[in-house]
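I have placed the structure first, in the form of structure tokens, so that the comments after it can refer back to it.
The values are calculated or read from the model by the stated rules, or taken from the named source; none is laboratory data. Computed from a predicted model, the values in this text were never measured in an experiment. Neighbour counts are summed over all protein chains in view; Cβ atoms, including those assigned to glycine, are modelled from backbone coordinates with ideal geometry. The area values use the complete protein model at the heavy-atom level, side chains included, leaving out ligands, DNA and RNA. Shrake-Rupley method; radii C 1.70, N 1.55, O 1.52, S 1.80 Å.
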Amino acid sequence: MMNLEAVDAATHQVLERGIRVFNGALFGPTEEEHVAFLLGAMDPTPGAMVIDAGCGVGEMARIMKMLRPDLEFLLLNASTAQLAQCPEELDLLHGDFNAMPLPDGCADVVIFSYALCHSLDFERTFAEARRVLKVGGKVFINDMARTMGDNAEFEPVLGARVHEAMAVEA
Ligand SMILES: C[S@@+](CC[C@H](N)C(=O)[O-])C[C@H]1O[C@@H](n2cnc3c(N)ncnc32)[C@H](O)[C@@H]1O
């Protein structure tokens, strides 16, 4: 499990700086354009039920919902401090994405946006995503990929790892 205390402290720091999408890099000049790009890539079917696993403060879902009001979002997070900052109009759920308190086959999409970096056990995380997905559903991943170096400085601070892209693809 991630270092919750460190994540909560970092949350306050980035919110104070006006950052609400917690991504290392943006596909566009603003958070809105970045999320619009991701939504295009995700390409959910009309009316899709989307679980945002490790939802941060829910900004990505808020923007996607604004652009696609037909979508249904369920925001899952292990951090109660972050859930308290999420939009009240979206469905919120406290829990671990490795053991989601959700029934089998309830979702069309599971998003892991800069959340897989907190998974230390891909098999378990993906098995859980597969369990909650309907047949034909999709996992949508937006994250960093490590091309060199290691996690020696990153991991002790946030309890997160930058995985090699090949590990995620495998
Ligand atoms: C770097 S933030 C990314 C937030 C958000 N997805 C975004 O793109 O802005 C990582 C998120 O994953 C959550 N998280 C980490 N491990 C988790 C777990 N095992 N179960 C649920 N949420 C988790 C953290 O609390 C945080 O909300």
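Relative contact order of the chain: 21 percent, from C-alpha pairs under 8 Å at least 6 residues apart in sequence. Here the Karplus curve 6.51 cos²θ - 1.76 cosθ + 1.60, taken at θ = phi - 60°, turns the phi angles of segment 65-79 into couplings of 5, 5, 7, 9, x, 6, 7, 10, 10, 10, 9, 10, 8, 7, 9 Hz, with x standing for Gly and Pro. Beta-bridge orientation, the chain: approximately 5 percent antiparallel, per DSSP, counting only bridges with both partners inside. Restricted to Cα atoms, segment 4-169 shows a radius of gyration and a Dmax of 15.1, 43 angstrom. Once all protein chains are placed together, residue 72 keeps about 100 Å² accessible to a 1.4 angstrom probe. Using only side-chain charges placed at the Cβ, +1 for Lys and Arg and -1 for Asp and Glu, the dipole size of segment 4-169 relative to its Cα centre rounds to 240 debye.
Can you classify segment 49-89 as rounded, prolate or oblate using the Cα gyration tensor, where a ≥ b ≥ c are the square roots of its eigenvalues, rounded means a/c under 1.5, and otherwise it's prolate if a/b beats b/c and oblate if not? The shape class here is prolate. Using only protein heavy atoms and a 1.4 Å probe, report how much of residue 12 is accessible, in Å² to the nearest 10. Solvent-accessible area, nearest 10 Å²: 100 Å². Between 147, 105, 38, the Cα set farthest toward the positive side of the dipole of the chain (charges on each charged residue's Cβ, about the Cα centre) is that of 105. I'd like to know which of 69, 158, 119 lies farthest towards the positive end of the charge dipole of segment 4-169, counting +1 on Cβ of Lys and Arg and -1 on Cβ of Asp and Glu. The Cα lying farthest towards the positive end belongs to 69.
Within the assembled protein chains, the solvent-accessible surface assigned to residue 92 is about 70 Å², based on a 1.4 Å probe. Label sites at residue 120 and residue 153, each approximated as a point 7 angstrom past Cα along Cα to Cβ, lie 2.3 nm apart. A crude spin-label estimate for the pair residue 43 and residue 93, with each label 7 Å from Cα along the Cβ direction, gives 2.6 nm. Debye-formula intensities of segment 1-57, expressed as log10 I(q)/I(0) at q = 0.14 Å⁻¹, are -0.51 (one equal scatterer per alpha-carbon, no solvent).
Residue order by solvent-accessible surface for 57, 162 is 162, 57, largest first, with ligands and nucleic acids left out and a 1.4 Å probe.
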